[in-house]
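Below you'll find the structure, written out as structure tokens, and then a few comments.
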Amino acid sequence: MKESPAQIEALKIQAEIIDPMSKPTIAIHLPDGAVKEVPAGTTPFEIANSISPRLAAASVVARLTPLTAAAAADGVKQAEGEAAMYTAEDKSAPRLVDLSTPLQEDAKLELVTERDVEALKVVRHSAAHVLATAVLELFPETKLGHGPATDAGFFYDFYREKPFTPEDLAAIEKKMAEVVARDEKFVREYQPREQALDEFSRDGDFMKTHFVTRFTEPGAQVSFYRNGKFVDFCRGPHVPSTGRVKAVKVMSISGAYWLGDEKNPQLQRIYGTAFFSQKDLDAYLERLEDAKRRDHRRLGKDLELFRVSEEVGAGLPLWLPKGATIRRLLEEFILDLERKDGYEHVYTPALAKVDLYKRSGHWAHYHEDMFPPMDLETEQMVLRPMNCPHHILIYESKLRSYRDLPVKLAELGTMYRYERSGALSGLSRVRCMTLNDAHIFVAPEQIKEEFSNVMKLVERAYKALGITNYSYRLSLRDPANKEKYVDNDAMWELGEGVLRDALDSLGLKYKEGKGEAAFYGPKLDIQLADVMGHEETYATIQVDFHLPNQFGLEYTGADGERHRPVMIHRGVISTMERMVSYLIEHYAGAFPLWLSPVQVGLVPISERHANYAKKVETELRGAGLRIETDLRNEKMNAKIRDFANQKTPYILVFGDKEEAAGAVSVRTRGKGDQGSMLLAEFVAKAKALVESQSLEL
Ligand code: TSB
Ligand code: ZN
């Protein structure tokens with residue numbers, strides 16, 4: 001495992017050099033404006049305690065902002081001395097410190113309690129130390145890697161010849177509870193770097209030796225944290241004592257080679273999570289269970305919706321009949337909405353000459369996300385990563401006048417992107433995808449209106465699909481990244497201004513995403529989150545002044561002159577792949593009737609009722625309903641269970657009694673046995689629900 005920038009950040013050692021010449025008293029500025037004059041060496045804990053013992057008990061760490069020139073200068077001095085591989089910290093910037101840190105300088109001080117988002121990270125990092133403490137007590141031969149907090153908890157890397165077994169993990173978790181119960185203080189200590197390196201290499205601590213060598217400078221004081229007998233090379237900060245790690249759980253284990261090199265020893269990474277309370281931990285575990293239950297990769301298999309075969313390749317899903325049905329319904333649904341909204345649908349091929357993408361700028365800015373070109377006799381072809389250039393060529397296939405605008409060209413466009421294998425996931429991130437795409441060619445003064453039309457279309461579509469919980473992200477370029485984005489400041493400012501203006505006039509709240517723009521312009525992205533809070537972009541609306549220029553697009557204005565149109569790129573339901581992945585998880589496989597691959601399951605009680613089954617089938621099919629009949633020689637209850645496991649909305653059971661009455665016994669998903677109903681009555685009801693795209697049964 002190579003260190004990511006975040007891990008490098010976590011590994012940085014920042015030696016605190018205490019200035020013996022510091023003042024006898026210092027001024028500590030509190031958030032409410034109060035200033036406390038205290039002797040140098042006073043700790044944040046003491047200050048908290050002087051305000052209220054309750055505050056002291058509730059505090060996890062402190063946020064310190066040095067106020068003196070000396071502190072700022074010290075920052076520069078240290079910056080010069082620090083390793084070049086990471087950017088030096090600005091010592092006058094706020095940073096988190098232990099509650100036990102002796103304060104030496106005038107500073108702003110904020111006590112960080114559980115209400116502060118950063119406090120949880122501190123608890124989790126301390127939990128990683130508790131984990132390592134437990135591991136060393138049980139398996140003293142283990143060598144330590146490092147153990148940072150992560151978004152979901154923390155991990156610690158260990159080296160030990162024998163892999164940890166599930167029983168070992170259970171024992172480790174038990175031992176962790178003991179370490180927490182012992183309530184050992186976390187104490188920060190310093191050691192000269194050379195001494196630390198000697199000790200680590202003497203003990204065969206190859207990972208610690210590596211970290212100290214790589215992340216500290218010769219002559220530095222190296223920072224350690226001790227709790228009880230356990231000592232770890234670490235820059236902190238930590239909670240005051242192990243007892244503050246109140247709710248912790250070992251989650252899983254995985255193997256990885258040291259520094260990602262298979263010639264190196266194999267490490268064992270133990271993952272855990274920690275929260276402020278057992279209640280929070282339980283809620284998290286419950287959400288995790290829910291996420292597993294809804295996972296579209298698992299449901300995709302159980303419900304026979306899609307598969308990804310190694311023989312075809314990663315990120316290239318195969319749609320099984322039932323998944324294909326959902327996709328087709330979605331496609332018909334969105335095409336219909338678009339037709340009603342004045343879009344014209346086109347078909348274009350999924351590949352083109354490389355030159356087309358050179359002209360558009362994809363080759364220069366989007367090359368890394370494209371599959372490499374194919375060499376043909378006289379030319380190079382490439383799988384398209386986007387549909388825009390093809391649609392542009394349709395726009396320019398004839399002269400356009402201002403009266404024709406907006407020209408709205410739409411397509412369920414299939415495209416290919418070389419997503420890195422590590423990023424692929426089921427249907428939500430794939431390499432072959434079909435986008436509900438359109439390119440709207442407008443006069444500049446039409447941008448705002450068309451933008452708002454697209455927003456309305458998104459709202460209509462999402463409402464029908466039962467999607468209500470989305471947020472907006474204004475995706476901007478990273479101006480420093482000249483490679484990824486077209487270099488034209490004026491153009492970017494214009495695009496950004498247009499989008500902000502449109503958003504403000506619709507009164508929408510949005511966050512900003514730097515470095516999330518398309519290479520040709522800024523976007524408004526509509527973000528949906530899964531159960532675990534992980535967000536992806538679905539709908540997108542993009543303003544583009546670049547491609548019309550590249551292709552010299554024109555229309556004749558009312559003045560008879562030639563003008564350049566602006567392009568709005570937009571996707572409403574995203575790619576079929578990503579939207580189906582979302583819907584599977586959103587509905588946990590229990591789709592609304594109109595989207596269900598099988599809407600009605602038929603259960604004849606015995607073989608005797610096969611004929612009546614035919615009649616029922618004919619009626620239902622005639623009404624356009626999708627059905628499946630279970631004619632196996634199985635018990636009725638087994639057949640009902642199987643349909644229920646497939647989350648079939650309606651199960652119709654029938655025997656002699658129902659046949660005689662021309663009826664069916666109806667079981668409704670989520671509601672159970674609804675009793676007997678005339679067949680004609682059921683058909684009328686189901687048909688009405690489908691036609692109205694009802695979300696309820
Ligand atoms: C909207 N040219 C525009 C188009 O006209 C375009 O392609 N934009 S995009 O690059 O942002 O992609 C559109 C949408 O496709 C994204 O918002 C996202 O919802 C979906 N998408 C992108 N990459 C993938 C992928 N690898 N797998 C599944 N869906 C994807
Ligand atoms: Zn496009």
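Compute the signed sum of charges (Lys and Arg +1, Asp and Glu -1) over the other residues within less than 15 Å, Cβ to Cβ, of residue 618.
Values: positive: 614, 615, 621, 626, 687; negative: 617, 619, 628, 659.
So the surrounding residues net to +1.
For residue 685, project a label point 7 Å along Cα to C-beta. Then give me every residue of segment 652-671 with its amide nitrogen under 16 Å of that point.
652-654, 658, 662-671
What FRET efficiency comes out for residue 449 versus residue 292 if R0 is 41 angstrom and r is the Cβ-Cβ distance? Round to the nearest 0.05.
Approximately 0.35, to the nearest 0.05.
So the label point goes 7 Å from the Cα of residue 588 along Cα→C-beta, right? Which residues of segment 256-293 then have their backbone N under 13 Å from it?
Within reach of a label on residue 588: 286-293.
What does the charge add up to near residue 243, with Lys and Arg as +1, Asp and Glu as -1, over the other residues with Cβ less than 11 Å from its Cβ? Walk me through the numbers on the way to the answer.
Values: positive: 182, 185, 244, 246; negative: 183, 184.
After counting each charged neighbour, the total is +2.
Full-extension gain between residue 514 and residue 151, please, as 0.36 nm times their residue separation minus the C-alpha to C-alpha distance.
Details: separation 363, 0.36 × 363 = 130.68 nm, distance 2.01 nm.
Computed gain between residue 514 and residue 151 is 128.7 nm.
Assign one of three labels to segment 163-248, namely rounded, prolate or oblate, based on the Cα gyration tensor with a ≥ b ≥ c the square roots of its eigenvalues; rounded applies when a/c is under 1.5, prolate when it is not and a/b is larger than b/c, and oblate otherwise.
oblate
Just list whichever of 249/514; 301/353; 208/246; 143/484; 353/482 have alpha carbons separated by over 30 Å in the model shown.
249/514; 301/353; 143/484
In deg cm²/dmol and to the nearest 500, what is the mean residue ellipticity at 222 nm of the chain if only DSSP H runs of at least 4 residues count, each as -39500 (n - 2.57), divided by the residue total?
-11000 deg cm²/dmol
For residue 36, give me every one of the lysines with a C-alpha distance below 23 angstrom, ignoring sequence neighbours fewer than eight places off in its own chain.
Those lysines meeting the cut-off are 23, 91, 108.
Pop the C-beta distance of residue 58 and residue 199 into the FRET formula with R0 = 45 Å and round what comes out to the nearest 0.05.
About 0.75, to the nearest 0.05.
Would segment 362-441 count as rounded, prolate or oblate if I go by the C-alpha gyration tensor, calling it rounded below 1.5 in a/c and otherwise prolate when a/b exceeds b/c, oblate otherwise?
oblate
Within a Cβ distance under 10 Å of residue 208, other residues only, what is the Lys/Arg minus Asp/Glu net charge?
Values: positive: 143; negative: 199, 203, 205, 232.
Neighbourhood net charge equals -3.
Run the quick spin-label model on residue 257 and residue 535: label points 7 Å from Cα toward the beta carbon, then report their separation in nm to one decimal.
3.7 nm
Quick one: order 333, 451 by neighbouring beta-carbon count within 10 Å, fewest to most.
Fewest-to-most ranking of 333, 451: 333, 451.
So if R0 is 41 Å, what FRET efficiency would residue 340 and residue 671 give, r being the distance between their Cβ atoms, rounded to the nearest 0.05?
Values: r = 33 Å, r/R0 = 0.81.
Computed FRET efficiency for residue 340 and residue 671: 0.80.
Once you keep just the Cα pairs under 8 angstrom separated by 6 or more residues, what percentage relative contact order results for the chain?
Reported as a whole number, the value is 9 percent.
At 7 Å along the Cα-to-beta-carbon direction for both residue 118 and residue 471, put a label point, then send me their distance in nm to one decimal.
2.0 nm
Throughout, read-outs are computed from the coordinates displayed, never taken from laboratory work. The structure displayed is predicted, hence computed values, not measured ones. We place every Cβ from the backbone using ideal geometry, glycine too, and count neighbours over all the protein chains shown.
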